[in-house]
Structure formats: structure tokens, C-alpha cells
Amino acid sequence: MLIINELDSNGILTLTLNRPDKLNALSTEVLTTLSTLLAEAKANDSVKAVLVTGTGKAFCAGADISKLAECNATSGYEFALLGQNVFHQFETLGKPSLAAVNGYAFGGGCELLISTSMRIASTKAQFGQPEIKLGVIPGYGGTQRLSRLIGKGRAMDLCLTGRFIDANTALSWGLVSEVVEEDALIPRAKEMLTQITQLAPIALQSIMDVINQGFDMNLQEALHLEAVHFAKVCATTDKQEGVSAFLEKRQAKFIGA
């Protein structure tokens, strides 16, 4: 099985890249499978959040080099669009996603994790965009999402040098939000997502939409977008429940309405 998928009782769907002999490289078949699983997760109300990780010593070591070797201008464009379209599904999922980076996250693997809502890493994780060493550039969103996440200068550094950084550097750069020991990685990831999935689903989706869409707007347009979504959530049952629970000093019970 290229990707192991497991849905737990808290509604967390864990997708585990499972090609350890290939360092979980992103073949066309892996990308297609991931796309299908994300589409199913979006449509399945039982799925509240998605957790992505890898089997073995790699999170994902990048795109399939044998496929890259076949690329010309036309097929290279299609190759890039495939990965971009699949990773964009994380941003339009409408549900929180978290990458638990267990090991090597290079090239397409790094581009995969920066498309998720949140990222944490084990102390053994390493990150990089080494495409320049193959005479190409990142093609699955690395030049764009990376600069938006960690800044233009640091994105330039990783993409131009092709060098790797460790988990603590990734933490200090804002590439990940937390670093934990290897055996604590998945429990911590599930703990974070479980806490988030107890919150108001409509508000969660609005937060992700406003941040993702507003980032590329000017400030005035982005603030208007924020106000529109604020108005939308003010009309929900969950807003009434959240405020009432706070005033009554009890735990809110959100229903996604």
C-alpha cells in the first residue's frame, strides 16, 4: 500500500507515505493516490482533520527522479502542475491538516509539508530544496509557499544553495512550530489535532480560508475578507454556543452549524 490511511475515533485521518525503500518518493501513483484520499476526506463528514507522515527514516525525499529524468518542456509543465494541484487540495480541504515530519523532507517532500495547515518535526528531521543540484527548480510550490512561510531571504537560501537544515533551524525559521523526540511525534501530532477538532468547524474553516486567501491581497482587501467571514460565523449556532459556554463557565459543544 503506497499510502496507509487510518481514521481514528476522534476523526483524525492519518495518511502515512509508505515507500520506505524509495524514501517515500512522490511517484505519479503516490500523488494520484494522495489526491483521491484528500478528495474523499473532504467529502467525508467523519474526517475532522488530516495528519500526514512517513514510514521509515524519511518523511518524503522528494519527487520521483526517474520520472523527472523523462521530462521535457511539455511534460515538465504537466509534472509540475500535477504536484501543485494535489498539494493545493490541502489548502482547500476545509479541515485542518498537520505534517508530522519524521525524517528527511527534501524537494517535493518539503513542498508537501508546507502545503499543510501546520507542521511539527522530530529531532531527526531534515529539510531542503535541493532541486538546483539537478539543474532544475522546485516545481510543486516550493518557490512560492516557502517564501510566504519563512520569508524571501531564507527561501532564496534554501533554493539557491540546495542545502539541508535540521529540525531546530527549521523551528527557528518558522518552517515548523514544534520539535519533539521521535517517539513523541505522532502522539503529539494527534494531541494537537484532537484539541483543534473540538473547536467550531465553521470558524476553523474560515480561519484557514482568510489566512490563505488574504495573504495575497492588499491589507484593505484582506481586512474586508476577514470582516465578511467574521459576520458569517456570528450567524452560526456554534457562535451562540461558544459565547454561552464561556459566560456559563462550561465546555462548549460545537456542532458545525
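Coordinate-derived values only; no laboratory data. Computed from a predicted model, the values in this text were never measured in an experiment. Reconstructed Cβ throughout: ideal geometry from the backbone, glycine too, with neighbour counts over all protein chains shown.
Okay, here's what the table says:
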item	result
Where G139 falls short, out of the listed (1) in contact with a Gly (Cβ under 8 Å, 6 or more places away or on another chain); (2) among the small types (G, A, S); (3) more than 12 Å from G62 (Cα to Cα)	(3)
Yes/no for Q240 being under 24 Å from K48 (Cβ atoms) and either polar (S, T, N, Q) or not in a helix (DSSP H, G or I) (or both)	yes
Flag if A222 is more than 26 Å from the chain's Cα centre (by Cα), assigned to a helix (DSSP H, G or I) and not polar (S, T, N, Q)	no
Filtered residue count, the range 96-128, keeping only those that are assigned to a loop (DSSP other than H, G, I, E, B) and either acidic (D, E) or out of contact with any Lys or Arg (no Cβ under 6 Å at 6 or more places or on another chain) (or both)	9
Hits in the range 79-110 - residues which are under 20 Å from F215 (Cα atoms) and not hydrophobic (A, V, I, L, M, F, W, C)	Q84, N85, H88, Q89, E91, T92, G94, K95, P96, S97
Index of the failed condition, N10 passing every other in (1) in a loop (DSSP other than H, G, I, E, B); (2) touching a helix residue (DSSP H, G or I) at 6+ places or on another chain (Cβ under 9 Å); (3) more than 23 Å from E182 (Cβ to Cβ); (4) not aromatic (F, W, Y)	(3)
Residue in the range 151-159 that is out of contact with any Asp or Glu (no Cβ under 9 Å at 6 or more places or on another chain), farther than 22 Å from Y104 by Cα and not small (G, A, S) present	yes
A245 vs. criteria of a type in the set (A, V, I, L, M, F, W, C), under 30 Å from N102 (Cβ atoms), surrounded by 13 or more Cβ atoms within 10 Å (Cβ to Cβ) and out of contact with any Pro (no Cβ under 8 Å at 6 or more places or on another chain)	no
Where a residue in the range 179-191 is over 17 Å from P96 (Cβ atoms) and its partner, wherever it lies, is of a type in the set (D, E, K, R), with Cβ under 6 Å and at least six apart	V180/R188; E182/K124
Residue selected from the range 192-219 under the condition polar (S, T, N, Q), in a helix (DSSP H, G or I) and in contact (Cβ under 8 Å) with a residue 40 or more places away in the chain, by the criterion farthest from Q89 (Cα to Cα)	T194
